[in-house]
Amino acid sequence: MFILETLNFVVDILKVPSVLVGLIALIGLVAQKKAFSDVVKGTIKTILGFIVLGGGATVLVGSLNPLGGMFEHAFNIQGIIPNNEAIVSIALEKYGASTALIMAFGMVANIVVARFTRLKYIFLTGHHTFYMACMIGVILTVAGFEGVGLVFTGSLILGLVMAFF
């Protein structure tokens, strides 16, 4: 019973996207053989940065909603304000764990694709990788993928897209 409770506890922690991305940063910093203080600082900065990104996007969505209403009333038009940060923030509430896993393994897939194919590009723009991982995760989930199949397929797609573009 203790093992099951411990496993559920670990799974519940890893379902929090900011913690999962922080764990990925921790592994990367340890693999780079950084000093202990740098590992702690880098991990905490990553977790807090992820939380701030989500909070900022929530504030942005909240501030843009009244603007949309004013435009609808003033010009008698209906529209939306396209903002990928706002959409990603909303999507992360439901798809956060799969997004973080697809992003992490997608980066690994990008390195593998660059190493073993003629596509020799390593995609370094983290926020674009993050948005693409979220989009791929949502699309594949809606298409019926889940669990390991979702993460595996999403990671391969992301790795190929990162190497191709």
Lone unmet requirement of (1) in contact (Cβ under 8 Å) with a residue 40 or more places away in the chain; (2) farther than 15 Å from M103 by Cβ; (3) of a type outside the set (D, E) for L48: (1)
Within segment 1-45, the residues that are part of a helix (DSSP H, G or I), more than 22 Å from L92 (Cα to Cα) and of a type in the set (D, E, K, R) are E5, D38, K41
Does A133 satisfy the criteria of being within 14 Å of the chain's Cα centre (by Cα), buried (at least 18 other Cβ atoms within 10 Å of the Cβ), at pLDDT 90 or above and among the aliphatic types (A, V, I, L, M)? yes
Pull up segment 50-63, narrow it to residues that are surrounded by 14 or more Cβ atoms within 10 Å (Cβ to Cβ) and not polar (S, T, N, Q), then point me to the one that is modelled with the highest pLDDT. I51
Residues to consider are I77, I13, I90, I44; find the one that is farther than 18 Å from T129 by Cβ and touching a Phe, Trp or Tyr at 6+ places or on another chain (Cβ under 8 Å). I77
A104 being at pLDDT below 90, surrounded by 13 or more Cβ atoms within 10 Å (Cβ to Cβ) and out of contact with any Gly (no Cβ under 6 Å at 6 or more places or on another chain): yes
Evaluate segment 71-93: report whether one residue or more is of a type in the set (G, A, S), modelled with pLDDT of 85 or more and under 26 Å from V19 (Cβ atoms). no
Checked segment 107-165 for anything without any contact (Cβ under 8 Å) to a residue 40 or more places away in the chain, small (G, A, S) and either farther than 21 Å from V88 by Cα or touching a His at 6+ places or on another chain (Cβ under 9 Å) (or both); matches are G149
Any hit, segment 45-62, residues being more than 12 Å from the chain's Cα centre (by Cα), of a type in the set (D, E, K, R) and closer than 21 Å to G22 by Cα: yes
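The values are calculated or read from the model by the stated rules, or taken from the named source; none is laboratory data. None of the values given here were measured: they were computed from a predicted structure. Note that we place each Cβ from the backbone using ideal geometry, even for glycine, and neighbour counts take in every protein chain shown.
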